[in-house]
Amino acid sequence: MKVLVKGAGVAGLTAAFEFAARGAAVTVAETRPALGGNASWFAGGMLAPWCERESAEQPVLDLGRDAADWWDAATPGLVARRGTLVLAAPRDAGELDRFASRTTGYRRVEEDEIALLEPDLAGRFRRGLLFAAEGHLDPRQTMAALHDKLAATGVEFHFGADAQHVFGCDRQIDCTGMAAQNDWLRGVRGEMLTLRTPDISLSRPVRLLHPRFPLYAVPRTDHRFMIGATMIESQSGGPVTARSMMELLGTAYALHPAFGEAEIVETGVGVRPAFPDNLPRVETNGEIIAINGLYRHGFLARQAADLVFSQDRTKELAHETDGQRRSA
């Protein structure tokens with residue numbers, strides 16, 4: 001089977017990986033000039049289905065339970081499995097209880113244990129939730145590694161103008177996100193900052209709950225931290241707004257004052273494709289399979305590959321049965 005995957009974001013790369021693993025000849029076509037620059041490029045990289053259940057439906061948790069295992073197998077050594085720490089200031093203790101009431105997979109931690117988990121946060125928070133089974137990765141590093149692994153196994157990549165001239169495939173997998181022609185899709189704008197400071201160290205993603213502006217801080221290499229993220233109903237991909245910048249920085253400072261002296265290394269905006277129910281969908285239209293609406297939950301690519309191959313097997317069985325009937 002020859003498969004064309006349109007789009008080289010996280011959905012496209014993971015779909016390409018699954019189809020190639022099943023023996024398909026895979027070509028990936030991406031209209032951008034190189035890998036990156038899409039919503040996946042600006043993602044936090046948190047493999048946190050239990051935390052996401054706070055505002056997402058049960059299918060997100062069901063689909064995401066094995067996400068860390070999948071990425072660990074696909075890109076060995078790039079997944080950190082240290083859990084997620086959820087915190088709130090004492091005045092916002094009700095936010096922590098509300099978060100706990102909507103999630104599972106955590107245990108409560110008190111001030112002493114918070115200090116053991118994250119020594120640089122010692123004395124700053126009295127209570128928290130530790131989601132020990134969760135993990136995180138650096139999306140850019142991981143996407144680059146997956147691209148290189150796919151290329152080494154024979155997957156062809158066409159970027160920029162070359163992406164318009166790929167033909168002759170049996171199946172087409174549309175993973176183009178907001179560029180797809182779908183009237184149900186809407187854009188959810190996510191803004192992020194990358195800060196650099198040697199004055200604080202974190203071992204795992206930390207979510208700081210706030211009634212108005214919750215925030216997460218994800219550790220990267222070289223004393224860098226990805227700070228995010230807004231969820232604004234907008235398809236605008238323009239620069240980070242002044243308001244968002246102030247809110248992100250203010251909440252980061254509330255997590256730890258050292259962020260007030262940090263260097264702002266990067267700002268970025270990603271527009272996440274979402275359907276009205278915020279759940280991803282796999283839709284079939286003839287020989288085209290569309291994977292879209294991943295929002296913050298990029299876990300359906302493998303199921304899409306299963307769908308295509310199960311359809312092909314069903315056709316084979318039907319053809320065999322029809323042939324047997326004619327022979328009889």
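For the chain, the solvent-accessible area of protein heavy atoms averages 47 Å² per residue (probe radius 1.4 Å; ligands and nucleic acids excluded).
Computed log10 I(q)/I(0) for the range 181-233 at 0.20, 0.24, 0.27, 0.30 Å⁻¹: -0.76, -0.93, -1.06, -1.17, from the Debye equation with unit scatterers placed on every C-alpha and solvent omitted. Report the longest stretch of the chain that contains none of the chymotrypsin sites (Phe, Trp or Tyr not before Pro) sitting in a DSSP loop with at most 16 other Cβ atoms within 10 Å. Between the exposed loop sites, the longest stretch runs 1-166.
Comparing R186, R212, R108 in a Gaussian network model of the chain, where Cα atoms under 10 Å apart are tied by springs, the biggest mean-square fluctuation is seen for R212.
Amide H contacts of L47: G135, H136, L137, each under 5 Å away and 5 or more positions distant or on a separate chain (H built 1.01 Å from N in the peptide plane; Pro and chain starts excluded). Per-residue SASA remark: S101, around 90 Å² accessible (1.4 Å probe; ligands, DNA and RNA not included).
With contacts taken as Cα pairs under 8 Å and at least 6 residues apart, the range 1-139 reaches a relative contact order of 26 percent. Per-residue 3J(HN,Hα) values for the range 211-223, derived from phi via the Karplus relation 6.51 cos²θ - 1.76 cosθ + 1.60 with θ = phi - 60°, read x, 10, 9, x, 9, 10, 10, 10, x, 10, 7, 6, 6 Hz in sequence order (x marks Gly and Pro).
Across the range 106-245, counting alpha-carbon atoms alone, Rg and Dmax equal 20.2, 62 Å. Once both labels are positioned 7 Å from their Cα atoms along Cα-to-Cβ, the gap between M231 and S55 label points is 0.3 nm. Solvent-free Debye calculation, one equal scatterer per alpha-carbon of the chain: log10 I(q)/I(0) at 0.09, 0.10 Å⁻¹ equals -0.50, -0.61. Test of understanding: extend the Cα→C-beta vector of A25 to 7 Å, then name every residue of the range 125-150 with backbone N under 12 Å from that spot. From the range 125-150, the list is empty.
Let a ≥ b ≥ c be the square roots of the eigenvalues of the Cα gyration tensor of the range 1-143; is it rounded (a/c under 1.5), or, if not, prolate (a/b larger than b/c) or oblate? Taking the square roots of the gyration eigenvalues as a ≥ b ≥ c, the range 1-143 is prolate.
3J(HN,Hα) couplings calculated from phi for the range 76-88 with the Karplus curve 6.51 cos²θ - 1.76 cosθ + 1.60 (θ = phi - 60°) are, in sequence order, x, x, 9, 9, 9, 10, 10, x, 10, 10, 10, 10, 8 Hz; Gly and Pro show x.
The values are calculated or read from the model by the stated rules, or taken from the named source; none is laboratory data. What you see is a predicted model; the values in this text were computed from it and never measured. Every residue, glycine among them, receives a Cβ derived from its backbone with ideal geometry; neighbour counts consider all protein chains shown. Calculation scope for accessible area: heavy atoms of the full protein, side chains included, ligands and nucleic acids excluded. Shrake-Rupley method; radii C 1.70, N 1.55, O 1.52, S 1.80 Å.
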